[in-house]
Amino acid sequence: MATQPTEADAEERSDVERRNADVCNVVGAVEAVGTKWKLVVLNDLRDGEKRFNELKRSTGASSYTLSRVLDDLEGTGFVDNRKELESPVASYYTLTEKGG
């Protein structure tokens, strides 16, 4: 059953839009070639290391999209993935020198 968006959801979306406002022009241009999310994630990681769910909240990307983008960025050497295997298992993402 679908639920109505809460005020907190609307505020979170507004915050995501504000955080990504400085890349809107670039995102618009690159969106035509299908790499909008890569730029959004790279921009977001400029703030420093983040866990997967932190990136999901701050970028507004779906889990599926974010996972694919992070795998691609890691494969091309723009992002490092550090895993902590202690409970709870966590993945931390940072920009590499190439990604920065």
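Laboratory data are not the source of any read-out in this text; all were calculated from the coordinates shown. For clarity, every value in this text was computed on a predicted model and none was experimentally measured. For neighbour counting, all protein chains shown are included, and Cβ atoms are generated from backbone atoms with ideal geometry for every residue, glycine included.
Looking at the range 44-100, which trypsin sites (Lys or Arg not before Pro) are DSSP coil and have at most 16 other C-beta atoms within 10 Å of their C-beta?
Arg46, Lys98
Along the Cα→Cβ direction, 7 angstrom out, place labels at Thr65 and Arg18. What is the inter-label distance in nm?
2.1
At what distance in nm do the modelled label points of Asp72 and Ser91 sit from each other, each positioned 7 Å from its Cα along Cα→Cβ?
1.5
Listed highest first by mean packing, meaning other Cβ atoms within 10 Å per residue, what order do 58-64, 71-77 come in?
Result, highest mean first: 58-64, 71-77.
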